Every structure is written in structure tokens, then in C-alpha cells.
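Here's the structure we're looking at; comments come further down.
The values are calculated or read from the model by the stated rules, or taken from the named source; none is laboratory data. All of these numbers come straight from a predicted model, not from anything done at the bench. Heads up, the Cβs are rebuilt from the backbone with ideal geometry, glycines too, and the neighbour counts pull from every protein chain shown.
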Amino acid sequence: MKIPPVKGTRDFYPPDMAVRNWLIDGWKKVSVRNGFEEYDGPIFEYLKMFQIKSGDEIVEQLFSFKDRGGRDLAIRPEITPTLARMVNQQINSLPKPIKWFSVPRLCRAERPQKGRLREFFQWNIDIIGVDDVLADAEVIFCALDYLRDVGLTPDDIVVKISSRKLLAAVLKEIGVPKESLDSLYALLDKKNKLPPETFEKMLNEQLPDSEMAGKIRAFMGLETISQIEEMFGRQEAFDEIVTLMDWLNRMGVGDYCKFDPSVVRGLAYYTGIVFEIYDKASELRAIGGGGRFDDLLKQFGGTDIPATGFGIGDCVLSILLEEKGLLKTRPQQLDYFVACVDESFRDAVIEVTMRLRSNCFASNFSYKAVKLSKQLKQASDQNAQKCIIIGEEFKDNQLLVKDMVAGEQKTIEVDKFFAELKSLV
RNA sequence: GUGAAAGUAGCUCAGUCGGAUAGAGCACCGGGUUGUGGUCCCGGGGGUCGCGGGUUCGAAUCCCGUCUUUCACCCCA
């Protein structure tokens, strides 16, 4: 019986795995050089952990199950609740600020489509315990540090930045009642994702006052902070976003960043700076996004401590990098391939190979003592840097070492060869 | 969860007014007489045409269902 892979999942054959490793190694490397430490949690948690932050409707998007003790559990669709739980558990003993990162494997029971699968990897970084906007800048820098490192330029991607505080202030200025804010955020978040007519219709439904609706529409279309100041007067939240932009410029990533009031983020828990990273052509869904969530740890039963962070998934990013020709792989690398001219040298092949391996050199050999030309082909296929050819000269304790890149070869005494290797390690 | 399109070898695809042993390129395996790879030449294996049912003398081809993929919704933590 043939069993197909589960809907929305991927098999990682060695070439795919090489790409995945390259991608994730890059995330980890950049996290570490930005001063973040890696953490991880279990891949399943209590179902209710995921309801605290996102509500009941999210349960439909979860892979959930009962364990044998009747506990309601779910495979993690995000790692932020786990982060909150872990931080809260040891809040008093953790040195502040907490700068942690993780690359969790996540599952969401959504309908797969371009750039969205049911199982994926997501790079998360978070700074907990700093309410300075500098931390938001550092988080954005960290994302761009990676994206720039892999070769994406300001012509390829843009970080659209706004502020929940600013949005709240403007909506208050406009006269929107406080109780309509959350549902309005959800709608505004969709502005660029819906056809204009549909957005208009939904906006009018939520906000019958046409004067208010008009002002909101005008606000969403603004491109600079000073325009907002002209239209709505100076707001306290301005300083914060001006400072953020200033930091990003000083950090050298200002040309990737753009103020954009239409960035809202759908989730209710964001409290300050919010941002989303898009491909410049806007043909793909968001590459990633994040923002400040100062109340979240408290909601998870912890202390009142500020936090900011982001998440970037592997699916959309891979598509973009592939399109730009920037996707690299890290294929199999062999230091040595040990070949022999005929069957009589098989024992020597095994002996030499294992000795190389014991000295920490990646080495391989052919199970069948096929023709030397075939063995060399295998060596090429496996990207061996060098080949050791064992033939008649082995009887005089000599090895033939062939450089597969340069094509040169030389004979060397066995003991001398291994002595030189040791000095290399 | 809703709607649309697609599914033929490991991959990219050809093949349908319904007709005989279903093809190509790439990949894979083997060979090209003495101990040298990344090129070339020759040969080979591999498909119950996604799966199940129906119509028909006969189905890869037509119809229905189902699964998967892709696209658009819902959603996007």
C-alpha cells in the first residue's frame, strides 16, 4: 500500500535538506552575532495556551488531540506562548534584558497555498525587558542583517513600519469609540489585501459615520509622518516612530525601511511599533513581521514586562530567494575518497578510510571494487576534494593522492601522509 | 471550511474525435578489453496513466466520487 505524504507537508531529500540547513544556519548565525541566545520548547503544549492570546476561533486552525490521560493538547502553531511561559517561569532569575531566538518547527491546519504550508519553520527573535524603542530598532536590524547578508537589497524588499500607539491616537483624534478599536484594527490590517470596493463596504459597515471613515481612508494613504502631523496635529506617538526611523538610519538599514500607516497587524495584542517585511513587487504574502507586545507576558500570568520581537517563516522567504537566484545550498562535502585499482587492495581501502575518519576527515569509499574510472566518478559525484588511489605502490608504503579540483597527483609515504594530516587538524 | 483548474516514469512533459505491447528528454543502473573523474557513445531497469466506481465491445482519453497539488476566498499567530 502506497501512502502519500500528508497534505501541506514537505519531504526534505538531501538536496532540499541542504537548502534548509543553509537557510536555518544563516538565521542562527545572524541571531548569535546580534547577541541572541537560542531556546526551544516542546512541540506540543496545552491547547488552552494557544487560546489565551488568539481566542477560540484559532482552535480550528490547530492540530489538536487528547492524550491518554484526557489532556487537551495541540501541536504548536507559534512559539510565542511557549516563550512567555518559559520566561514567566524563571522571570526572577533571568538576567535582563532577555534576548532569545528560536527556529521552531510549527504546524497550522490551514489550507495550503503559495508560500503557506501546514508545517514550516519560523525564525523568531524577541527582546524582553526593554521598553526603549531602541529594542524595536535592534529587532528590525537583526532581520535586515540576515536579509541583507543573503543578498536582498532595498530594491528587493521593504520593511513597512507603523505604530499601534500612533494609530490609536489618530483614531481617538478622529473620534472612533474605544470599543470599536480592536475590530477596526483587524479590518485596517486587510486594506491592502482586499479589493478596494470590498474594503470600502466593510469600513462603512463598521463605521457608519462617513466623515470618520473618510479620515481613516485619508490616514491610511499617507506616506510621511509630517503629513500626519499636518492632518491630525502632533501626537505623542510621533516621537517614538521618529526615533525608531532615526535609529534605523544610524544602523545603516534605513533604506530598507518605510513608514506605512496601513501596516496594522491583525492581532489584538500588539501595543507599539508594528512592522511587516514584503517583497518590493508585493507579489508574495508577507515574508515576516513583528512588533511590540508589552502586555503579553502579563496575560500569560506573569509580571508586567515589555517585549518586542519578530517572526520570519521559511516558505515565503525560500520562494523569494529562489526567484532572485539567491538560494544557496550546502551539498555534501568530502575531504577524501579512497579508491583502489583492484579488489586485492580492498582491505587497505577500508583501513585508510577509517584512519582518515578517525582523524576527523570526511571520507568515503566504494563498496564495489569497480573500475578505477567508476570510483573516480563516484568521488566527483560526492564532491570529494581529494582522492587517495591505492595500487601497486601501496606495497612500498606509498599512497597516490589526487587533487580533484586541480587534477594534480603525487605519491607520498603512508606514515608521512598521516603525520601531515595530524598537523592540519 | 468555500470556489476553480490540474494529476501520465524519480523530474519536466508528449500522447485524447475512445482502439492494439503508453513515449521523449533529464536522472538512475550497466557497458565502452591494461591504473584516472566532471565530456562523449551504446545498452538497461522503471509507469495497473493519482485512487475508486460508472458508461462502453474497448478508457490514460468520457461521467461521478475521493485524495493530492496549484490558484482565489476565510484566516494569517
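Hey, among A:GLY41, A:GLY8, A:GLY35, which residue is crowded, with 17+ Cβ neighbours inside 10 Å, assigned to a loop (DSSP other than H, G, I, E, B) and either in contact (Cβ under 8 Å) with a residue 60 or more places away in the chain or within 12 Å of RNA strand B (Cβ to nearest atom) (or both)?
On the way: A:GLY41 fails: crowded, with 17+ Cβ neighbours inside 10 Å; A:GLY35 fails: crowded, with 17+ Cβ neighbours inside 10 Å.
Going through A:GLY41, A:GLY8, A:GLY35 in turn, just one is crowded, with 17+ Cβ neighbours inside 10 Å, assigned to a loop (DSSP other than H, G, I, E, B) and either in contact (Cβ under 8 Å) with a residue 60 or more places away in the chain or within 12 Å of RNA strand B (Cβ to nearest atom) (or both): A:GLY8.
With respect to A:SER344, is the statement that it is within 13 Å of RNA strand B (Cβ to nearest atom) and either basic (Lys, Arg) or touching a residue at least 12 places away in the same chain (Cβ under 8 Å) (or both) true?
No: the conditions fail for A:SER344.
Take A:SER423 and tell me if it is small (Gly, Ala, Ser) and within 12 Å of RNA strand B (Cβ to nearest atom). Spell out the reasoning first.
On the way: small (Gly, Ala, Ser): yes; within 12 Å of RNA strand B (Cβ to nearest atom): no.
So A:SER423 fails the test.
Of the residues that sit in the stretch A:222-252 and are without any contact (Cβ under 8 Å) to a residue 12 or more places away in the chain and assigned to a helix (DSSP H, G or I), which one is farthest from A:ARG148 (Cα to Cα)?
Among residues in the stretch A:222-252 that are without any contact (Cβ under 8 Å) to a residue 12 or more places away in the chain and assigned to a helix (DSSP H, G or I), the one farthest from A:ARG148 (Cα to Cα) is A:GLU230.
So if I check each of A:PHE219, A:PHE199, which one is over 18 Å from A:ALA137 (Cα atoms), assigned to a helix (DSSP H, G or I) and within 16 Å of RNA strand B (Cβ to nearest atom)?
A:PHE199
Against the definition (in contact with a helix residue (DSSP H, G or I) (Cβ under 8 Å, 6 or more places away or on another chain), at pLDDT 90 or above and closer than 16 Å to A:GLY289 by Cβ), how does A:TYR146 come out, yes or no?
Yes: the conditions hold for A:TYR146.
State all residues of the stretch A:375-410 that are near RNA strand B (Cβ under 6 Å from one of its atoms), of a type outside the set (S, T, N, Q) and either part of a loop (DSSP other than H, G, I, E, B) or more than 17 Å from A:THR353 (Cβ to Cβ) (or both); if no residue qualifies, say none.
A:LYS377, A:GLY391, A:GLU392, A:GLU393, A:MET404, A:VAL405, A:GLY407 - these are the residues of the stretch A:375-410 that are near RNA strand B (Cβ under 6 Å from one of its atoms), of a type outside the set (S, T, N, Q) and either part of a loop (DSSP other than H, G, I, E, B) or more than 17 Å from A:THR353 (Cβ to Cβ) (or both).
Testing A:GLU322 on (1) surrounded by 13 or more Cβ atoms within 10 Å (Cβ to Cβ); (2) modelled with pLDDT under 95; (3) within 30 Å of A:ASP126 (Cα to Cα), one condition comes back false. Which one is that?
Of the numbered conditions (1) surrounded by 13 or more Cβ atoms within 10 Å (Cβ to Cβ); (2) modelled with pLDDT under 95; (3) within 30 Å of A:ASP126 (Cα to Cα), the odd one out for A:GLU322 is (1).
Taking interchain pairs and intrachain pairs at least six residues apart, which have beta carbon atoms under 8 angstrom, with the first residue in the stretch A:388-409 and within 15 Å of A:SER363 (Cα to Cα) and charged (D, E, K, R) and the second within 6 Å of RNA strand B (Cβ to nearest atom) and assigned to a strand (DSSP E or B)?
Every condition considered, the pairs that remain are A:LYS402/A:ILE389; A:LYS402/A:GLN409; A:ASP403/A:GLN409.
In the stretch A:411-418, is there at least one residue being exposed (fewer than 11 other Cβ atoms within 10 Å of the Cβ) and near RNA strand B (Cβ under 8 Å from one of its atoms)?
For the stretch A:411-418, residues exposed (fewer than 11 other Cβ atoms within 10 Å of the Cβ) and near RNA strand B (Cβ under 8 Å from one of its atoms): absent.
Quick grid of which residues meet (1) part of a loop (DSSP other than H, G, I, E, B); (2) in contact with a Cys (Cβ under 6 Å, 6 or more places away or on another chain); (3) more than 9 Å from RNA strand B (Cβ to nearest atom):
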residue	(1), (2), (3)
A:ASN88	no, no, yes
A:ASN92	yes, no, yes
A:ARG111	yes, no, no
A:PHE121	no, no, yes
A:ASP126	no, no, yes
A:ASP131	yes, no, yes
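When residues of the stretch A:268-285 are filtered for being in contact with a helix residue (DSSP H, G or I) (Cβ under 7 Å, 6 or more places away or on another chain) and either farther than 15 Å from A:VAL158 by Cβ or assigned to a loop (DSSP other than H, G, I, E, B) (or both), how many remain?
8
For the stretch A:257-305, name all the residues that are crowded, with 16+ Cβ neighbours inside 10 Å, among the β-branched types (Val, Ile, Thr) and either touching a Cys at 6+ places or on another chain (Cβ under 8 Å) or modelled with pLDDT of 90 or more (or both).
Answer for the stretch A:257-305, where residues must be crowded, with 16+ Cβ neighbours inside 10 Å, among the β-branched types (Val, Ile, Thr) and either touching a Cys at 6+ places or on another chain (Cβ under 8 Å) or modelled with pLDDT of 90 or more (or both): A:THR271, A:ILE273, A:VAL274, A:ILE277, A:ILE287, A:ILE305.
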